[in-house]
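J.: Sharing a structure below in C-alpha cells format, with a few things to ask.
The values are calculated or read from the model by the stated rules, or taken from the named source; none is laboratory data. On a predicted model such as this, the values are computed, not experimentally measured, just so you know. Backbone-built Cβ (ideal geometry, glycine too); neighbour counts: all protein chains shown.
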C-alpha cells in the first residue's frame, strides 16, 4: 500500500550557487518615494491645536527713546528688552515635530493661550494697548526715581486672561476693566492685588467692572493659588488699564509692533539712564524682562525660557528677571549668562550701580 503522506524531496541547489534574494525593483523604490512624499505633504498641511513659543526679537532700548524739553545723555553700555514669538495660527504636524526637537521652543495648547473666538487682529490690538500703558508707567516710575513730580490717575485693572475653572471664569471677561472691589475704587493693578490678598480663600467679593462703557457689579468667590497655598485669587491675569500722567516734558518710546507689558522694567531703566548724566550700565550689555507698576514693583512675565535663550543669543552679560521667574531663567541659562532676581525697580538700579566700569 502506498503512503500518500510521504514528504516530497526536492533536489538541493547547485553547489556554489547562492540562494536567491528578492530584488527591490526601481518601481518599488518609486512607489516608496511617492508614498513618503505624500506623507510629508500631509504632515505639512494638516494643522493641530498647538502653538509654538520661541525666542523673539531683542531690542536695544536706548535706541527707541527720545526726549524733548530736557537734557538727555548717550550711554556707554546697552540695555535690551526681550520678547517671545508665538503666532496664533495652529502648527502643522511637521512644524509640531520641529518644535518638539528645539530646546528653545515650548509647545502649548492653543486654547490655553487664545480665548475662543479671538482673532489675530484683536489679540494684536490688545497687546499694543498693554505696551502703550506700560510705556507711560515706565516713564512715570523713572521720573519719580529722578525726583521729578508726576501726577497720575489710573483707570483700573484690564483683564487680559481668565483662568478656566477659577472663581472668575464665566463671570469676568477678557477686556473687562476692574474699577472697584467691594465698593472701594481701584486705579491700578497693585491696588487690586492688595485688596484680594487682604481676603481669605472662599470669600465672596463684589467686583465693579467697566464693560462696553457700562458699569456692572459681579460677585466672585475667591479661589486658591496653585503655586502659593492659602493665597486667594480671582483667577485672572491683569494689567494696568491706563493712566493719565502729567509729565513736565515729552518722553517718546517707539517700540514698533512689539506688544504686551513685559518690557516695562527695561523701558523704565532706559528712560532713567537717558535722563541721567552718569551711565548706570557702566558700559555693560544688560538684558531683562518684567512688568512695571506705578509703585515700582516688577511683575512676572511669560516665556521666561525663550527670553533667556534670546538674552544669551544677543551676548548680554547679565539678565534682570522678576523674582518669581528667577528659578526658571537660571535653569534655562545653563551658566551662559548671570541671572539677577529683582522685585522692584530700585533692586535693579541698586544692582546696576554695583557694576564695575568696563
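J.: Do we find a residue being assigned by TED's automatic domain parsing to the domain that holds residue 302, at pLDDT below 90 and surrounded by fewer than 16 Cβ atoms within 10 Å (Cβ to Cβ) anywhere in segment 133-140?
T.: Within segment 133-140, not a single residue is assigned by TED's automatic domain parsing to the domain that holds residue 302, at pLDDT below 90 and surrounded by fewer than 16 Cβ atoms within 10 Å (Cβ to Cβ).
J.: Hey, could you check segment 274-283 for residues that are assigned to a loop (DSSP other than H, G, I, E, B) and surrounded by 20 or more Cβ atoms within 10 Å (Cβ to Cβ) and say which is farthest from the chain's Cα centre (by Cα)?
T.: Looking at the filtered set, the residue picked out is 275.
J.: Here's a follow-up. Condition first: loosely packed, with under 12 Cβ neighbours inside 10 Å and touching a helix residue (DSSP H, G or I) at 6+ places or on another chain (Cβ under 9 Å). Now tell me which residues in segment 64-88 satisfy that.
T.: 74, 87
J.: Here's something else I'd like to know. Can you pull out every residue in segment 74-106 that is touching a residue at least 40 places away in the same chain (Cβ under 8 Å), under 18 Å from residue 285 (Cβ atoms) and part of a loop (DSSP other than H, G, I, E, B)?
T.: Within segment 74-106, 75, 76, 77 qualify.
J.: Take residue 76 and tell me if it is within 17 Å of the chain's Cα centre (by Cα) and modelled with pLDDT of 85 or more.
T.: Considered against the rule, which asks whether it is within 17 Å of the chain's Cα centre (by Cα) and modelled with pLDDT of 85 or more, residue 76 comes out as no.
J.: Name every residue in segment 284-331 that is more than 15 Å from the chain's Cα centre (by Cα), farther than 24 Å from residue 140 by Cα and not in a strand (DSSP E or B), in order of residue number.
T.: Answer for segment 284-331, where residues must be more than 15 Å from the chain's Cα centre (by Cα), farther than 24 Å from residue 140 by Cα and not in a strand (DSSP E or B): 284, 312, 313, 314, 315, 316, 317, 327, 330, 331.
J.: Which condition number in (1) over 17 Å from the mean Cα position of the chain (by Cα); (2) over 24 Å from residue 176 (Cα atoms) is the one that residue 137 fails?
T.: Among (1) over 17 Å from the mean Cα position of the chain (by Cα); (2) over 24 Å from residue 176 (Cα atoms), the lone unmet condition for residue 137 is (2).
J.: Could you check segment 214-241 and list, in sequence order, the residues that are closer than 16 Å to residue 158 by Cβ and under 20 Å from the mean Cα position of the chain (by Cα)?
T.: Hits for segment 214-241 are 235, 236, 237, 238, 239, 240, 241.
J.: Oh, and also: Could you tell me which of the residues 89, 60 is under 26 Å from residue 239 (Cα atoms), at pLDDT below 80 and assigned by TED's automatic domain parsing to the domain that holds residue 281?
T.: Exactly one of 89, 60 is under 26 Å from residue 239 (Cα atoms), at pLDDT below 80 and assigned by TED's automatic domain parsing to the domain that holds residue 281, namely 89.
J.: Still on this model: I'd like to verify a number: residues in segment 241-252 that are at pLDDT 90 or above and not in a loop (DSSP other than H, G, I, E, B), how many?
T.: 3
J.: Here is a check on your reading of the model: is residue 271 farther than 18 Å from residue 128 by Cβ and outside any strand (DSSP E or B)?
T.: yes
J.: Any idea which residue in segment 223-239 is nearest to residue 262 (Cα to Cα), counting only those that are in a strand (DSSP E or B) and touching a residue at least 24 places away in the same chain (Cβ under 8 Å)?
T.: In this case the residue turns out to be 239.
J.: Further question on the same structure: Please count how many residues of segment 336-358 are surrounded by 18 or more Cβ atoms within 10 Å (Cβ to Cβ) and more than 26 Å from the chain's Cα centre (by Cα).
T.: Number of matching residues: 0.
J.: Exactly one condition in (1) touching a helix residue (DSSP H, G or I) at 6+ places or on another chain (Cβ under 6 Å); (2) more than 14 Å from residue 145 (Cα to Cα) is false for residue 231; which is it?
T.: Just one mismatch for residue 231, condition (1).
J.: Continuing with this model, one more query. Being under 26 Å from residue 296 (Cβ atoms), in a strand (DSSP E or B) and not assigned by TED's automatic domain parsing to the domain that holds residue 275 narrows it down to one of 220, 179, 196, 205, so name that one.
T.: 179
J.: Now for a separate question. Looking at 202, 242, 230, 223, which one is within 25 Å of residue 67 (Cβ to Cβ) and either in contact with a strand residue (DSSP E or B) (Cβ under 9 Å, 6 or more places away or on another chain) or surrounded by 13 or more Cβ atoms within 10 Å (Cβ to Cβ) (or both)?
T.: The unique qualifying residue is 242.
J.: Also, quick follow-up: On the basis of being in a helix (DSSP H, G or I), modelled with pLDDT under 95, buried (at least 17 other Cβ atoms within 10 Å of the Cβ) and not assigned by TED's automatic domain parsing to the domain that holds residue 219, does residue 260 make the cut?
T.: So residue 260 fails the test.
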